[in-house]
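Notes for the one structure printed next.
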Amino acid sequence: MNAKLGVLFLVLTAGFTMPVLFGFGSINDMMWPNLHTGYQPDQPLPFSHRLHAGNLGMDCEYCHTGSDESRHATLPNLSTCKNCHWDRDTGVAGKTSDSKAAILLIHDAYENGGVAWKRVHNNPDFVYFSHMTHTRIARDGEGFSCETCHGEMSKKGVAHQEHDLSMGWCIDCHRTWNEEYEKKAVMRDGKPIGNVAPVNSCDACHR
Amino acid sequence: MKIKTQTNDSDMPAELKAEVEQVSRQRRDFMKVTGMAAMAATIAGCTADDRLVKPLLEKPENITPGVSYHYASALRDLGGSPVFVKVRDGRPIKIEGHPRHPLSRGGCSARSQAALWDLYDSANADSEEEGRAGRLKAPMKGSKEVKWDELDKAVAGTAKSAVILTGTVNGPAMTTVLKALGGKHVMYDAVSASAIAEAHGATHGQRAVPHYRFDRADLIVSFDADFLGTWVSPIEFSKQWAKGRDLKNGETTMSQHIQFEGRFSMTGGSADIRHRVADSKRGAILTDVANKLAGSKLFGDAGKHGQEKAVEELVAKLNAVKSKALVVCGSQNVDEQKLINFINHQTGAYGNTIELTNYSQQKLGNDKELSVLIKDMNDGKVSSLIVYDCNPVYNVPGFKTALAKVKTKIYVGTHRDETAAECDWIATDHNEFEQWADYEPIKGMFTLAQPAIRPLYKTRPAIETFAKWAGIEFTAGDSKDLVKKHWEANILKGRSWSKTVEAGFIDTSGNATGTFNWDGRAVTSIRIGEVKSGKLEVVTYESYNIGDGRMCNNGWLHETPDPMTRICWTNFASMSPATMDDLGVETGDFVTIKTGSGEITVPVARQPGATDGVVAVGLGFGRTHAGRIAHGMHFEDDAADVDNGYKIGDNAYNLGAQGGAVVATVDPTGKAYHRLARISTHDSQEARPLLKSSTLDLWKKDQHAGNFDVFNQPGKKISLWNEDDENTHGDNVGRAWHYNGHKWGMVIDQNLCTGCNACVTACNLENNIPVVGKDEVWRRREMHWIRIDTYYSDELGEDGMPASNGDLTKHPDPEVGFQPMMCQHCENAPCETVCPVIATSHSDEGLNVQAYNRCIGTRYCANNCPYKVRRFNWFQYRHDDQTMNLSLNPDITIRSQGVMEKCSMCAQRIYAGKREAAKHGQKVEDGSIRVACQSSCPTDAIIFGDQNDESSFIYKLDRDKRNYAMLAELNFRPGVTYLTKIRNRKSLEHEEKSFSTGMAIMKLANKYAPTMDTTTKQGRE
């Protein structure tokens, strides 16, 4: 009886103090973690993925050069923007006054030491995710398309987070593909090469 | 006590600050603080805090953020240590040995690796407390920062006529520039090899230290030369030494290593036969050997020295192997060195195991010239002096008073050290990672150093400073111009500059020719010293980690223990247990050592196997102007530390024993350091087969020698687990691991391990392991993922059991074995089963993995680990010093307080290797993944690989008859296994006995269980 009362007391205390301590959102977050799906911060430059990747059909790698070489997809250097928007007045500029103003912003930022973008996808410090592994090595060298995780950027204006990037979300896919590989067993010289199947051990992401 | 650090936001140059900010934001793992802030925000129910990413304006060519690049370079240590510098996002984070350079072959000393500390040593330069400053950030006049123009203007005139005093400078470009400056150039080494050069000048007409070839020697004899530890070129010599002692590739024999020494050195620990000889008796023994080789009393009567039998055996062996012998000597007595030359001449070693044409330039110091200079200074004959790359006020007794008589004193260096503090001007040098430099460590072996980071502060490379004062024309601010011009004109001879930079060296040493005539008349008989009874003799030696004192502000090196006594964070007077009894002292008691030259006070350390009557003290400690580490890692409440002025150890240069042993009086002070920081305190194995060893003769009879352990034999063992069950993913219960892909494992060849600690430092840097300080080490809270256990052999009683005194050996003349110990990556891991949150688990590839973010710090795992390799973060260590943080490896989590950690077998390197292979659609080649400890090992004693890959080296070694698992009786099935140590000496009685017993057991086992094929992998199938 006493124990039950104790538990009840704890639950009630927690119920009352936690919102006070951490704000009312905390309970909501802990019980139904949406982990920032849909997070879409305002960016310092009005860049449109829909225009560049969609209408103009540019490759993702044109700007995110690290995506198939490095852990980080990397953001473009302003000099990359200036490859097209090379002239602040007459270069490839927008047709509307808004877009003309945007190109001026690029040049201003370049002269003032660059632009600090807001990070959209934020993994915790203890997660080691490699873009290169997923774009270049996964699926026996085919790689996944960017859309698999980032959604159809070519249809979005400002970038936002498509999936929740939770561990469960990662593991789900890892398990599915691991089973695929077990059926398939990627072979080289009659032996499984063993280094393309997704790893389900902790050290794949946490080290 | 936590490490004292300062946040040096304000000290950081604006550009660097911007870079740090950018890097830290871009790579979230870099600044834990930001991460914590974001997580706090999450808990508070908001969406993620806005984290900023600021890309560079222009992408540097061929550099992708997040990808590491290696650059061939060289460091100043040992007169040019060839290295690969791993650079990530513009900052060096790890040093590896140069895999192709003949002086390194991949091996890299602890000191070279830890040199990064000095680069990022950011403590405030104008710290109020004298001597605690870090790297200087600008040129100085006295203790005030000045502009370069002001310094140049004031100094340019006097610099041209100044005497230049430096450490060893062997770089062709640097030498030329110094010559152009005009003044007399004097070189000296704090730990000198001058006598060897002197002796060769007399006997061969070539004043040089020769190039030794231990790999060509069948018999290596060393008289007090610590060639595996510190002597001349230890990394190169370790590689060579290991070549003759490797038994893994079907070799049938190995070289023999005999050591005569007073103190117990690391090299003596690796020797097959070791004779304890006081340094004062060395002359007599050398005379005896030389006489016997000559066949007459050519060098006078050797008298009685107590080693007659050893000498007789030695001479017989020398006569048998002839030119395949190599005799080396660490003495600073020219006459003794001449006798060594005679012995080597007599055996015919010159031209075989000793090369004089391509001689060594790693120690160019000339002791005679230094003493002449000091005399001149005292006589007022030197009006201006430039001091570069040395610290004579600290390490030359009497230099300080002489320096005071010099009118203009100019110092060129990176820190305001003891010498700099006495100088008028400091022309602040770049750190060695920031500048171009060149070295010629062996005649004709040209080695190039290139910058690995943009200069952090307003400093200027020394070569530019000297060139400017000398009036040489070059592109201002570009030391490359000076080096390149010299190389193009004199060294490249048509070779491509860029390819040379890429390779890092040009080796023309093989082309050297020359004949040297032996002049036997130069060898004279020597005065044989004698120590009066009742007096002790004291020897000083270069400390294994700190070296000559240059790196006394280096936390990584201070926390790396001395290989023999395992003491860290101080130097000590090591002496034999018998000597300690005579003096009535115990380990940790302070003694005052007095010689004619000075006195020091250091704690005593028990050193079994040291010669009775010999007291050995390490050099390089007791610095007063080294920096915050040298002052900040003490016990705040230990009177001994307070009395010592918070120095680390005491300055053994004061004893004046660099030239050889000196007579000393040793008096206990009555004070004790009862909290001496030691990494491990256990000497003895207490008859357990931990470090198995046998002899070459027995090994030749049966390779199982020393390894007949029944627990290592195949067969069913009692197990907690139902081992027939299939492994189910994510379920820790009921499993029989079978690995479809890789199965990573490691083999450690104890025959080759010399205990040098290179692996310990490599691991520290690779895995962001914090320095915890003296106090925490004393509380057994060191964080090292790998340690080297040093075991001393024990005297055996009548019953065949050790007569050890608890954990301390009683043997007066013990043998030593070194055993690297890290997480054994057990299959039946005891740590995994007790973790309440499954933070530690077994991976699909045979690793025992630790998920830090899951760990709640119960420490059950560490408690249940029989190997004691798990480490707990008792504090939130370090990481508030932003400049120091630049050295952190971004591929590894920075662990927080309350989290358990341990060796991950460099999981980050394994994944990188797998990615690299998969990128090209290939399978991982054996040897393509090298873990940090393996990669730096100068003897290749650590082998890592895929145990599932039948073509791999480790697959073969797992089936070697010397292979065994630690504590195999517990059936943990470690992924790390060991190879028996084989000694090349006569077998002892108990070794013979256990060999024949083992053979008998083996025979029985084979009779009753014929399926037991002893050649297959033991204890695994």
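Residue count for segment B:634-661 under the criterion of being touching a Leu at 6+ places or on another chain (Cβ under 9 Å) and modelled with pLDDT under 85: the result is 1. Of the residues making up segment B:918-935, those that are surrounded by 20 or more Cβ atoms within 10 Å (Cβ to Cβ), farther than 30 Å from residue B:755 by Cα and either of a type in the set (S, T, N, Q) or more than 32 Å from the chain's Cα centre (by Cα) (or both) are B:918, B:923. The residues of segment B:896-911 that are within 19 Å of residue B:831 (Cα to Cα), touching a Phe, Trp or Tyr at 6+ places or on another chain (Cβ under 7 Å) and part of a loop (DSSP other than H, G, I, E, B), listed by number, are B:899, B:902, B:903, B:905.
Conditions (1) under 19 Å from the mean Cα position of the chain (by Cα); (2) under 25 Å from residue B:462 (Cα atoms), marked per residue:
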{"residue": "B:64", "(1), (2)": "no, no"}
{"residue": "B:70", "(1), (2)": "no, yes"}
{"residue": "B:77", "(1), (2)": "yes, yes"}
{"residue": "B:106", "(1), (2)": "yes, no"}
{"residue": "B:120", "(1), (2)": "no, yes"}
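Being out of contact with any Cys (no Cβ under 8 Å at 6 or more places or on another chain), at pLDDT 90 or above and not in a loop (DSSP other than H, G, I, E, B), is that true of even one residue in segment B:762-778? There is at least one residue in segment B:762-778 that is out of contact with any Cys (no Cβ under 8 Å at 6 or more places or on another chain), at pLDDT 90 or above and not in a loop (DSSP other than H, G, I, E, B). Annotation for segment B:273-280: at least one member residue is assigned to a helix (DSSP H, G or I) and at pLDDT below 90. Just one of (1) within 14 Å of chain A (Cβ to nearest Cβ); (2) surrounded by fewer than 18 Cβ atoms within 10 Å (Cβ to Cβ); (3) touching a strand residue (DSSP E or B) at 6+ places or on another chain (Cβ under 9 Å); (4) at pLDDT 90 or above trips up residue B:953, so point out which. The number of the failed condition is (1).
Only one of the listed residues (B:740, B:767) is within 14 Å of chain A (Cβ to nearest Cβ) and in contact with a Pro (Cβ under 9 Å, 6 or more places away or on another chain). That residue is B:740. Does residue A:133 fit the bill of being within 11 Å of chain B (Cβ to nearest Cβ), part of a helix (DSSP H, G or I), within 16 Å of residue A:67 (Cα to Cα) and of a type in the set (Ser, Thr, Tyr)? When the stated conditions are applied, residue A:133 passes them.
The number of residues in segment B:899-919 being more than 19 Å from residue A:202 (Cα to Cα) and either of a type in the set (D, E, K, R) or more than 9 Å from chain A (Cβ to nearest Cβ) (or both) comes to 2. A single member of A:120, A:115 is within 14 Å of chain B (Cβ to nearest Cβ), in contact with a helix residue (DSSP H, G or I) (Cβ under 6 Å, 6 or more places away or on another chain), surrounded by 17 or more Cβ atoms within 10 Å (Cβ to Cβ) and in contact (Cβ under 8 Å) with a residue 60 or more places away in the chain, and it is A:115. Any idea which of B:995, B:944, B:972 is in a helix (DSSP H, G or I) and crowded, with 17+ Cβ neighbours inside 10 Å? Checking each option against the conditions leaves just B:995.
Only a single criterion out of (1) outside any strand (DSSP E or B); (2) of a type in the set (Val, Ile, Thr); (3) farther than 28 Å from residue B:360 by Cβ; (4) in contact with a Ser or Thr (Cβ under 9 Å, 6 or more places away or on another chain) is not satisfied by residue B:513, namely (3).
State all residues of segment A:38-86 that are within 10 Å of chain B (Cβ to nearest Cβ), within 26 Å of residue A:134 (Cα to Cα), in contact (Cβ under 8 Å) with a residue 40 or more places away in the chain and assigned to a loop (DSSP other than H, G, I, E, B); if no residue qualifies, say none. Answer for segment A:38-86, where residues must be within 10 Å of chain B (Cβ to nearest Cβ), within 26 Å of residue A:134 (Cα to Cα), in contact (Cβ under 8 Å) with a residue 40 or more places away in the chain and assigned to a loop (DSSP other than H, G, I, E, B): A:38, A:39, A:40, A:41, A:69, A:70, A:71, A:72, A:73, A:75.
All conditions in (1) within 10 Å of chain A (Cβ to nearest Cβ); (2) touching a residue at least 40 places away in the same chain (Cβ under 8 Å); (3) surrounded by fewer than 20 Cβ atoms within 10 Å (Cβ to Cβ) hold for residue B:842, with the sole exception of (3). Across segment B:381-416, the number of residues qualifying as outside any loop (DSSP other than H, G, I, E, B), under 21 Å from residue B:548 (Cα atoms) and not polar (S, T, N, Q) comes to 13.
Can you name the residue in segment B:845-886 that is over 25 Å from residue B:690 (Cα atoms) and assigned to a helix (DSSP H, G or I) and, of all such residues, is farthest from the other protein chains (Cβ to nearest Cβ)? The residue in question is B:883. Restricting the first member to segment B:965-978 and to residues that are under 13 Å from residue B:707 (Cα atoms) and at pLDDT 85 or above, and the second to residues that are among the small types (Gly, Ala, Ser) and surrounded by fewer than 20 Cβ atoms within 10 Å (Cβ to Cβ), no beta-carbon pair is closer than 8 Å while six or more apart or on different chains. Going through segment B:41-78 one residue at a time, which ones are more than 9 Å from chain A (Cβ to nearest Cβ) and modelled with pLDDT under 80? Scanning segment B:41-78 gives a single hit, B:41.
The values are calculated or read from the model by the stated rules, or taken from the named source; none is laboratory data. Keep in mind it's a predicted model, so treat the numbers as computed, not measured. Ideal geometry is used to build each Cβ from the backbone, glycine not excepted, and the neighbour counts take in all protein chains shown.
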